[in-house]
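Undergrad: First the structure, then my questions, so here it is.
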Amino acid sequence: QVQLVESGGGLVQAGGSLRLSCAASGSIFSIRSMAWGRQAPGKQRDLVALITSGGSTNYADSVKGRFTISRDNAKNTVYLQMNSLKPEDTAVYYCNIVMGSFNYWGQGTQVTVSS
């Protein structure tokens, strides 16, 4: 089994910053990619940032220049540094890892940005 535990969410004012962390544990092997997705109430879950095993990154247009994804391979941990937060960034943020053909999601952490 694989467990993903997210932390770092909370309430912040617009323009503020938060750093999310996600630690993977259990039967971990050859993580191909790690990512963060988010889901606002009444909307679908969207991928906002992804980092490959080689360190390449991709971002949704809505967060480019504001969010930075990084990973610590030795700790099987992925981070999301979120700066210049906007009220529209309010959502539950989910960690994701892909190992082989398996796709895992965490339980999510709430991020609320007040105006």
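Undergrad: I need the semi-axes of the equivalent ellipsoid of the chain: take the C-alpha gyration tensor, multiply each eigenvalue by 5, square-root it, list largest first in whole angstrom.
TA: 23, 14, 12
Undergrad: Okay, next question. In sequence order, what are the phi-derived ³J(HN,Hα) couplings for the range 102-112 according to the Karplus relation 6.51 cos²θ - 1.76 cosθ + 1.60 with θ = phi - 60°, rounded to whole Hz, with x for glycine and proline?
TA: With coefficients 6.51, -1.76 and 1.60, one gets 9, 10, 10, 10, x, 7, x, 9, 7, 10, 10 Hz.
Undergrad: Taking the alpha-carbon centroid of each part, what is the distance from the range 60-115 to the range 1-53 in angstrom?
TA: 4 Å
Undergrad: What is the packing order of peptides 14-24, 52-62, 96-106, taking the mean over residues of other C-beta atoms within 10 Å and listing the highest first?
TA: Answer by packing, highest mean first, reads 14-24, 96-106, 52-62.
Undergrad: Run the quick spin-label model on Arg19 and Gln39: label points 7 Å from Cα toward the beta carbon, then report their separation in nm to one decimal.
TA: 2.8 nm
Undergrad: How many nm is it between the label spots at Arg66 and Ile28, if each spot is 7 Å from the Cα in line with the beta carbon?
TA: The answer from the label model is 2.9 nm.
Undergrad: Moving on. Separation between the Gln3 and Thr57 pseudo-spin-labels, each 7 Å from Cα along Cα→Cβ, expressed in nm?
TA: Each label point lies 7 Å from its Cα, and together they span 2.9 nm.
Undergrad: Which of the aspartates and glutamates could a cross-linker bridge to Lys75, judged by Cα under 16 Å and excluding same-chain residues fewer than eight apart?
TA: Glu6
Undergrad: Let me ask something else about it. If r is the Cβ-Cβ distance from Trp105 to Asn83 and R0 is 25 Å, what FRET efficiency results, to the nearest 0.05?
TA: 0.55
Undergrad: Can you tell me how the range 1-54 classifies by the Cα gyration tensor, rounded, prolate or oblate, using a/c under 1.5 as the rounded cut?
TA: Note, shape of the range 1-54 comes out prolate.
Laboratory data are not the source of any read-out in this text; all were calculated from the coordinates shown. Since the model is a prediction, treat every value here as computed from it, not as a measurement. Note that we place each Cβ from the backbone using ideal geometry, even for glycine, and neighbour counts take in every protein chain shown.
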